[in-house]
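First up is the structure itself, then whatever we jot down about it.
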Amino acid sequence: QLRAGLVGVDDVEAPRFKTDVVAKVIEKKAALGTLEEGELFNFEINFKPNQKVFSVDMYSDEFSKVVEMSATYGGAVISVEGHSDPHKINKLKKKGSADFVIKRTRQAAKNLSVSRALSVRDTVIKFAEVNGVPLDKSQFTVIGHGVSQPLYPNPKTKEQWLSNMRVVFRIIQIEAEEEAFEPIE
């Protein structure tokens, strides 16, 4: 009845997932260390220092797999987790820098990790759209870990240092969590 009086809403799609519930499911799984349970696919994208963009061509195989799996598993959610390297913070601590400088640097690293994760999410959505598979933003949870979960807390080599600058992309089947999924009628 309400729809009869609305105009310009024919091509507007309602989100298929309840984003707050999806975020809570991912958050709970991450806290329990069970994020890998139900994982259908994952890959990592590495970045250089302060880099927020990346070459889509380097990851086209992974993106194709994401599109394929998203079309196959309609109840899957996608976690995009950004990470930064703690090397600069470690140096500041060793140097005895003031707490506010360390906190500001930690926040900058968190902001960078969020920017990286958003860049990956948006690029995957565009890639899927170009390939004829619409992905729903509501099925994504973007997390910026900053320096809280490095692969190498005290990197000793350049490779370890660069490995910490990454985005981890996961497709997780959570159909058992039916309250997160809104069926399309």
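The values are calculated or read from the model by the stated rules, or taken from the named source; none is laboratory data. Note that the structure is predicted; figures quoted are calculated from it, not measured. Cβ: placed from backbone, ideal geometry, glycine included. Neighbour counts: every protein chain shown. Keep in mind that these areas ignore ligands, DNA and RNA; they rest on the heavy atoms of the full protein, side chains included. Shrake-Rupley method; radii C 1.70, N 1.55, O 1.52, S 1.80 Å.
Annotation: per residue accessible area for the chain equals 61 Å², rounded to a whole number [probe 1.4 Å, protein chains only].
A probe of 1.4 angstrom, applied to the heavy atoms of all protein chains, finds Tyr152 with accessible area near 90 square angstrom.
Across the range 19-24, computed HN-Hα scalar couplings (Karplus, 6.51 cos²θ - 1.76 cosθ + 1.60, θ = phi - 60°) run 4, 5, 6, 4, 4, 5 Hz from first to last residue, x flagging Gly and Pro. Other residues whose C-beta falls under 15 angstrom from the C-beta of Gln149 contribute a net charge of +1, scoring Lys and Arg +1 and Asp and Glu -1.
Scalar couplings 3J(HN,Hα) for the range 99-105, obtained by applying the Karplus form with A = 6.51, B = -1.76, C = 1.60 to θ = phi - 60°, are 4, 5, 5, 5, 4, 5, 5 Hz; x denotes Gly and Pro. Its relative contact order, with pairs defined as Cα atoms under 8 Å and 6+ residues apart, puts the chain at 41 percent. Give me the percent of the accessible area of the range 56-185 that comes from carbon and sulfur atoms, probe 1.4 Å, all protein chains in place. Carbon with sulfur: 52 percent of the solvent-accessible area. Across the range 52-63, computed HN-Hα scalar couplings (Karplus, 6.51 cos²θ - 1.76 cosθ + 1.60, θ = phi - 60°) run 10, 10, 8, 7, 4, 4, 5, 10, 5, 5, 5, 5 Hz from first to last residue, x flagging Gly and Pro. Evaluated on the range 5-129, the Kirkwood hydrodynamic radius is 17.4 Å, with distances taken between all distinct Cα atoms. For Val56 and Asn154, a Förster radius of 45 Å and the Cβ-Cβ distance give a FRET efficiency of 0.85, rounded to the nearest 0.05. Take every DSSP beta bridge whose two residues both sit in the chain; close to 75 percent of them are antiparallel. Taking Ile89, Ile45, Ile26 in turn, the Gaussian network model of the chain (Cα-Cα springs below 10 Å) assigns the largest fluctuation to Ile89.
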